1. Counting only residues that are open to solvent by 30 Å² or more (accessible area, probe 1.4 Å) and under 20 Å from Met201 (Cα atoms), how many does the range 230-275 have?
2. Go over the candidates Val166, Val204 one by one and state the one that is within 16 Å of the ligand (Cβ to nearest atom) and closer than 17 Å to Trp123 by Cβ.
3. Inside the range 130-162, can you point out the residues that are in contact (Cβ under 8 Å) with a residue 24 or more places away in the chain, among the hydrophobic types (A, V, I, L, M, F, W, C) and open to solvent by less than 60 Å² (accessible area, probe 1.4 Å)?
4. Among Ser45, Ser15, Ser32, Ser49, which is the only one that is within 16 Å of the ligand (Cβ to nearest atom) and either assigned to a loop (DSSP other than H, G, I, E, B) or not assigned by TED's automatic domain parsing to the domain that holds Phe309 (or both)?
5. Of all residues in the range 92-113, how many are within 16 Å of the ligand (Cβ to nearest atom), without any contact (Cβ under 8 Å) to a residue 60 or more places away in the chain and under 20 Å from Met279 (Cα atoms)?
6. Can you name every residue in the range 114-140 that is among the polar types (S, T, N, Q) and either away from the ligand (no atom under 13 Å from the Cβ) or touching a Leu at 6+ places or on another chain (Cβ under 6 Å) (or both)?
7. Filter the helices (runs of 4 or more DSSP H) completely within the range 285-403 down to those with at least 1 residues that are closer than 30 Å to His146 by Cβ and hydroxyl-bearing (Ser, Thr, Tyr).
8. Just to be sure I understand the filter: pairs with C-beta atoms under 7 Å, separated by 6 or more residues or on different chains, first member in the range 276-287 and open to solvent by 50 Å² or more (accessible area, probe 1.4 Å), second member among the hydroxyl-bearing types (Ser, Thr, Tyr) and assigned to a helix (DSSP H, G or I). Which pairs pass?
Amino acid sequence: MASAVDRYAPPRLGSRELFPELETRVYANHASLSPPSQPVVNAVSACLSQYARDGMGSYANETERRERLRGRLAHLIGAPTRDLALVGNTTAGVLAVALGIPWRRGDRILVFDGEFPTNITPWQQAARREGLELVWMRADDFRTDHAGWLQQMEDHLRAGIRLVAVSAVQFTTGQRMPLETMGAMCRQHGAELFVDAIQAMGVVPLDVEACAIDYLTCGSHKWLMGPEGTGCFYARAEAAARLEPNVAGWLSHADPFAFLTRAPNELRYDRPLVQSARMVEFGTPHTLAAAGLEASVGLIDAIGVESIFEHVQAWHDALEPGLLDRGFSSARMVENEGRSGILSVCTTDAAAGPAWSRALAEYGIESASPDGWLRLSPHWPNGLDEADILLAAIDEIRAGGGP
Ligand SMILES: Cc1ncc(COP(=O)(O)O)c(C=O)c1O
């Protein structure tokens, strides 16, 4: 079957050619949601049409597609395909682990103040159910004091932590967390590392081996540029072997279709549950979203995450000095390892982010304002000339007395 990449002009950094329907003048909000490219739109629509024609006859194709997609996603994070499952959203992966670890009363989970609630709520629920303790650190303190922050984390690990749950990239500031160091520290102190990768996967190089990540979860509609309603969950084989299948369903069994396709007497309820990340694929999947995601990840693969990261940094480099000249402060880290797809700035008025975001929208510039920051998040189709458009809009807004 031809891939999405074969059927279209190859994706080019800085070109919106594959986004003919996108109306926004500057779309710098991929950290919230990516507008689907034409290959994604067509893949979803072709999949739906196939179902309209063939009904159940489409199922085998889509099963094959899901396996290809698992492979592509696994490749993006340096994982074996067998350790990767498709899930409905980022939260599904957090829940699978929060409800699946055979906790002991009093176990401690290290979580970070400032994280998106996806990576907090399920741990809170697990803590309530299982008598666990949440230990809190401030994620943002890492920006100002790397060594002190890591020391604090090590002190907590030394005191006994069962699992560390962190986002690869903080959704507010774009701060990329030091996963390699964190993973090594976790290993040394016998803790597991859980990563919410939705603000990283597709724009920031990630390697679950190099970072000793035990579990990773990621939704598809941000930097992976797919539709909402799907995503992936990785569990290192040894970690998955310890998980209890508390969120298992009929598709979590080995050979789950046997009773539908073979001779009678295959309808049994005692088939073993798959003891891998796949156990979380418990029911009928979102096939259309998977079709779209395969197309978007095909485009990302065709360019390469390293090149996308460099392009996005060039976009930030073109814009950031002009923002600083205009009195904004930037949360962007100095070192490349701390940078991501997000450029967040603020003014002396901590509440100004939403007003700036709204004012820019009037100029056809799409941004976001999480927790008061003005967040700009371009991806591979964003042109480097967009910095001039943004700065001109800011000057006009200021000249008009705004935001
Ligand atoms: C860091 C982070 N995690 C998770 C999510 C979303 O989680 P879910 O895919 O479960 O809706 C977001 C944003 O929507 C996010 O910024």
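The values are calculated or read from the model by the stated rules, or taken from the named source; none is laboratory data. Source: prediction; values computed, not measured. All Cβ positions, glycine included, derive from the backbone under ideal geometry; neighbour counts span all protein chains shown. Remember, those area values only see protein heavy atoms, side chains included, never the ligands or the DNA or RNA. Shrake-Rupley method; radii C 1.70, N 1.55, O 1.52, S 1.80 Å.
1. Final tally of qualifying residues: 0.
2. Working: Val204 fails: closer than 17 Å to Trp123 by Cβ.
Step by step, each of Val166, Val204 is checked, and only Val166 is within 16 Å of the ligand (Cβ to nearest atom) and closer than 17 Å to Trp123 by Cβ.
3. Hits for the range 130-162 are Leu132, Leu134, Val135, Met137, Ala139, Phe142, Leu150, Met153, Leu157, Ile161.
4. Only one candidate passes the filter, namely Ser32.
5. Total satisfying the criteria: 1.
6. Across the range 114-140, the qualifying residues are Gln124, Gln125.
7. Answer list for the range 285-403: 305-325, 352-361.
8. Phe282/Ser252
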